[in-house]
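Accompanying notes for the structure given below.
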Amino acid sequence: MFDIRNIEWGNDSAENDPNLLNYFITPLNFERVSRFQKTFVIGRKGSGKTAIRKKLFNQFSSQKNHFVIEISPTNSIFRSLSNAQLMNESSSNDIIFQYAWLDNIMRKVLNLIGSKNANFLATGSFAAAREFAKKDGMVNLDFVETVSTLAKDIKLKASGGELGLNVENLVKQASSIDQYEFHLLQLAKDGTSITILVDDLDIGWDNSDRSNEILLGLLSASMYLKALHDKLNLIFFIRDDIYSILMKKTTHSDKYRDMYKIKWDEESFLNLLSERINKNFNNTNNDPNHQTFNLVFPEKVGSKYTLGWMIERTLDRPRELLQLARLYTENLQNNEPSDTVLKYVEEEYSNWKIEDLSTEFVNQYPNLDKIFVYWKKNYFRTKYKIEETELDARMQNILSDVDILDAWFIELKENNDFKGLAKILYDIGFLGDFIRGGDGGSQVNYFGDGSAPLLKEVQVHPCFRKAVGTVERIR
């Protein structure tokens, strides 16, 4: 008999899970992305963006005459360009980054196509791609070097005058993009499909003006490429908070509304866990997934069905559900389901999640963890439901007593913007907005979605209640 204590749930990081595609579960409306109906895949950290990217790479690259390129800014790009002196006009920097990305991406595409056709009798643009790959030596062009070269060339061409409206023409003249574009268009017209997958945009990103300029340049480059031909497609995988920040910094946000927001429901989460259990059990009986689930987990925790109880304690992200499942099975004393163990590990899991929350938003709200430490110390064993008057008082106390010397907090403090602080805690998912409906109905909305919450009554998210010591009874 298989021991459920030995279940291998897979790596927390989709990037490092070699078995991911063996138990990949599609989130809701996934086909909109696979059919290129959406350009931007939006989701919080751990929501499944990288898993989707790996699935799409496998799906597209297995198709005939379909070439897939993966693009990922690296930590060194942001670090190397953080203080680089480029142009005097900040708007010019965006254009330089756009064309540097175009140069970088087009070269990689031609390299890939040329190298894969190296042993074939190629003609036309296939031959050009093959020669390009041979000449380029299959070495990725250094993005930082491209940026620096473009900036120097533009300064020389501008001859010390104002760049004005000529900057884009000057940048284009300083690059080889026209040549690359010609061959890419010919390849597309000849029936070659090209898909560019852009992921890991948060690696090295620090929410500085420069890092945002670099990403805005990448967004502009993506729209340029996507407009070239219907066989040239690009899919962006981006955290929703970074996406929101970038949209506020561009006058062309309407161009980037073509987005798919990753969503999971109870059935897809059930399938996610059950498929992994099946792989461990080598289950080939095609049992319903709820039966597979009940081989490992108790039917209920208190009076609540276990799956719902577990999902409630996540931020609707697969990674968290898997983390909770792993913590549970690794703490089982016997080879049988136990609601006692599931409740026991909740506190450790909740402490992980409050630490992860602070890390996730470290670039927007540094030292956020100090607020949670203060909360636990001063509001320990208080209810997780908080009325408006009490919420306002807590926010004012935090602004008055918590020692955070970062700009975001100082601004809130100077303006006594306690509502603004509550809105931030709502946006990151710590607090939910409780809304009373008609006929006694009610709901709690979690996570900022661009709409203005009422914040008349809030609730600490179940994911964090144990970590900050709120009172909660299982009814």
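The values are calculated or read from the model by the stated rules, or taken from the named source; none is laboratory data. In this text the structure is predicted, and so the values were computed from the model without any measurement. Note: ideal-geometry Cβ built from the backbone for every residue, glycine included; neighbour counts use all protein chains shown. What goes into the accessible areas is simple: the full protein's heavy atoms, side chains included, and nothing from ligands, DNA or RNA. Shrake-Rupley method; radii C 1.70, N 1.55, O 1.52, S 1.80 Å.
With Cα atoms as the point set, region 311-414 shows a radius of gyration and Dmax of 17.1, 57 Å. For region 185-250, report the translational diffusion coefficient in µm²/s to the nearest whole number, using Stokes-Einstein at 25 °C, 0.890 mPa s, and a Kirkwood Rh over Cα pairs. Estimated diffusion coefficient is 188 µm²/s. Once C-alpha pairs closer than 8 Å and six or more residues apart are averaged by separation and normalised to the residue number of region 231-321, the relative contact order reads 24 percent. How much net charge surrounds residue 28 when only the other residues with a Cβ under 9 Å from the Cβ of residue 28 are counted, with Lys and Arg +1 and Asp and Glu -1? Result for the local shell: 0. For the chain, the share of DSSP beta bridges that are antiparallel, to the nearest 5, is 40%. Rounded to the nearest 20 debye, the dipole size of the chain about its Cα centre is 780 debye, using +1 on the Cβ of Lys and Arg and -1 on the Cβ of Asp and Glu.
Short to long, the 5 Å bins of the Cα pair-distance histogram for region 212-339 hold 2, 8, 16, 15, 12, 8, 8, 10, 9, 8, 4, 1, 0 percent of all pairs. Only aspartates and glutamates eight or more places from residue 456 in sequence, or on another chain, were considered; those with a Cα closer than 17 Å are 387, 388, 390, 392, 417, 427, 433.
Amide H to amide H, with H built 1.01 Å from N, residue 383 comes under 5 Å of 471, counting only residues 5 or more places away or on other chains.
Global dimensions of the chain from alpha-carbon coordinates: Rg and Dmax equal 25.5, 79 Å.
Using just its DSSP H runs of length 4 or more, each adding -39500 (n - 2.57), the chain gives a mean residue ellipticity at 222 nm of -15500 deg cm²/dmol after division by all residues. Extent of region 1-102 along its three principal axes (Cα atoms, max minus min coordinate, largest first): 69, 34, 24 Å. Near residue 418, once Lys and Arg are set to +1 and Asp and Glu to -1 for all other residues with Cβ below 13 Å from its Cβ, the sum equals -3. Between amide H atoms placed 1.01 Å from N, distances below 5 Å from residue 233 occur with 194, 195, 196, all of them 5 or more places distant or on a separate chain.
Ranking 421, 147, 180 by Cα position along the charge dipole of the chain, where only Lys, Arg, Asp and Glu carry charges on their C-beta atoms, puts 180 farthest toward the positive end. Toward the positive end of the charge dipole of region 331-475, about the Cα centre and with charges on Cβ (Lys, Arg +1; Asp, Glu -1), which of 340, 445, 372 goes farthest? My answer, from the dipole projection, is 340.
The mean sequence distance of close C-alpha pairs (under 8 Å, at least 6 residues apart), as a share of the length of region 164-305, puts its relative contact order at 19 percent.
Accessible surface of region 43-102, 1.4 Å probe: 42 percent of it comes from carbon and sulfur atoms. Taking θ as phi - 60° and the Karplus parameters 6.51, -1.76 and 1.60, the scalar couplings of region 77-82 work out to 4, 5, 5, 5, 9, 4 Hz in sequence order, x denoting glycine and proline. If you take the alpha carbon atoms of region 327-475 and fit the smallest convex hull around them, that volume is 138 Å³ per residue.
Rolling a 1.4 angstrom probe over the protein heavy atoms with all chains in place gives the chain an accessible area of 48 Å² per residue.
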